[in-house]
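The values are calculated or read from the model by the stated rules, or taken from the named source; none is laboratory data. Since we're looking at a predicted model, the values are computed, not measured. Please note: Cβ atoms are built from the backbone with ideal geometry, for glycine as well, and neighbour counts cover all protein chains shown. Keep in mind that these areas ignore ligands, DNA and RNA; they rest on the heavy atoms of the full protein, side chains included. Shrake-Rupley method; radii C 1.70, N 1.55, O 1.52, S 1.80 Å.
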Amino acid sequence: RLSFIKDEDQELYKALVSKSFEVQVGLHELLGHGSGKLFIRDENGSLNVSGGLVCPVTKKRIEELPNYSSNEAYDTKFPVISSSYEECRAECVGMYLSTVAEALAVFGHKEAEDQNNITYINWLHMARAGLMALQYYTPGKGWGQAHMQARYGILQVFLRAGEGLVTLRKCTDDKDGKPNIEISLDKTKIHTVGKDAVGDFLMRLQVYKSTGNFEAAKAMYDEFTEPNEEFKALRGTVLDRRSPRKLMVQANTYIDQSGQVNLKTYPATPEGMIQSFQERYN
């Protein structure tokens, strides 16, 4: 039984989470990290874009915004938040495009019911990932993992979208009697309320990055990714519900005295993993 997933979603989630994550990763890497122009001024002060563009956030002409000089790069212009901010932008691209039928068809999901289910599980998986991300947040120290900070921020986008798109219900687990959290995602609002909210957030992420507006970017990103007291309290439940980290125990091949190649496997335990490494490199 997966944590934080309602009983009625368990079967579909388990069946489709790998397929939906494949869609998310493909869109994240290829069209997320693979897109997004930076506006750069050359030595003469000319921008690498045609004139007349207006910023959709500030309504100012692009020429009036900070932008980048020829010797600046995104990582230097956006200290501290650059890695997590970029992961959040790419994740939002994946979330937004996972609602588009043409994009889903590229991954082999061509029937309407299949597409709707893939989209639903992808968004539910992101909501769960955002909640579980609290494992990687330490009060007073901040976030320890860039992707997790990004996913927590996207969960906040879902919640702030309102209209019941995503709700978190504190409850007592009927199996072990301990505090639990139940995630509800309204499937009927993903393509409307959800897509609009993620689209607006993504637009701001992109505009601030493209125009080199670090101050506005950091203010917004901090607002969405700094847990408030309610979520700091939920962190305790998340920590209590976390599963042991999965370990991969790798088999080894060896050649015996007769010249035959053999495969040796090891117990699926920490000791087995250590033995596998020892024998591989000895």
Which of the following residues is free of Cβ contacts under 8 Å to residues at least 12 places away in the same chain, among the aliphatic types (A, V, I, L, M) and on the phi < 0 side of the Ramachandran plot: 219, 251?
-> 219
Hey, can you tell me all the residues within the stretch 98-114 that are open to solvent by 40 Å² or more (accessible area, probe 1.4 Å), assigned to a loop (DSSP other than H, G, I, E, B) and closer than 18 Å to residue 189 by Cα?
-> none
From 2, 16, grab the single residue that is part of a loop (DSSP other than H, G, I, E, B), out of contact with any Gly (no Cβ under 6 Å at 6 or more places or on another chain) and within 22 Å of residue 183 (Cα to Cα).
-> 2
Going through the stretch 224-267 one residue at a time, which ones are open to solvent by 100 Å² or more (accessible area, probe 1.4 Å) and part of a helix (DSSP H, G or I)?
-> 229, 230, 240
State yes or no: is residue 49 β-branched (Val, Ile, Thr), within 19 Å of the chain's Cα centre (by Cα) and open to solvent by less than 60 Å² (accessible area, probe 1.4 Å)?
-> no
Identify, please: which residue in the stretch 205-220 is among the hydrophobic types (A, V, I, L, M, F, W, C) and either crowded, with 22+ Cβ neighbours inside 10 Å or under 17 Å from residue 90 (Cβ atoms) (or both) and is, among those, nearest to the chain's Cα centre (by Cα)?
-> 205
Answer yes or no: is there a residue in the stretch 29-39 that is in contact with a strand residue (DSSP E or B) (Cβ under 9 Å, 6 or more places away or on another chain), at pLDDT below 95 and among the aliphatic types (A, V, I, L, M).
-> yes
Looking at the stretch 152-161, is at least one residue loosely packed, with under 14 Cβ neighbours inside 10 Å, within 20 Å of the chain's Cα centre (by Cα), under 30 Å from residue 218 (Cβ atoms) and modelled with pLDDT under 95?
-> no
What are the pairs, 6+ residues apart or on separate chains, where a residue within the stretch 254-275 that is more than 30 Å from residue 244 (Cβ to Cβ) and of a type outside the set (Asp, Glu) has its Cβ under 7 Å from a residue that is modelled with pLDDT under 95 and surrounded by 11 or more Cβ atoms within 10 Å (Cβ to Cβ)?
-> 262/254
Select from the stretch 52-68 the residues that are in a loop (DSSP other than H, G, I, E, B) and open to solvent by 40 Å² or more (accessible area, probe 1.4 Å) and list them in ascending order.
-> 52, 53, 56, 58, 59, 60, 66
Residue within the stretch 67-81 that is modelled with pLDDT of 90 or more and under 17 Å from the mean Cα position of the chain (by Cα) present = yes
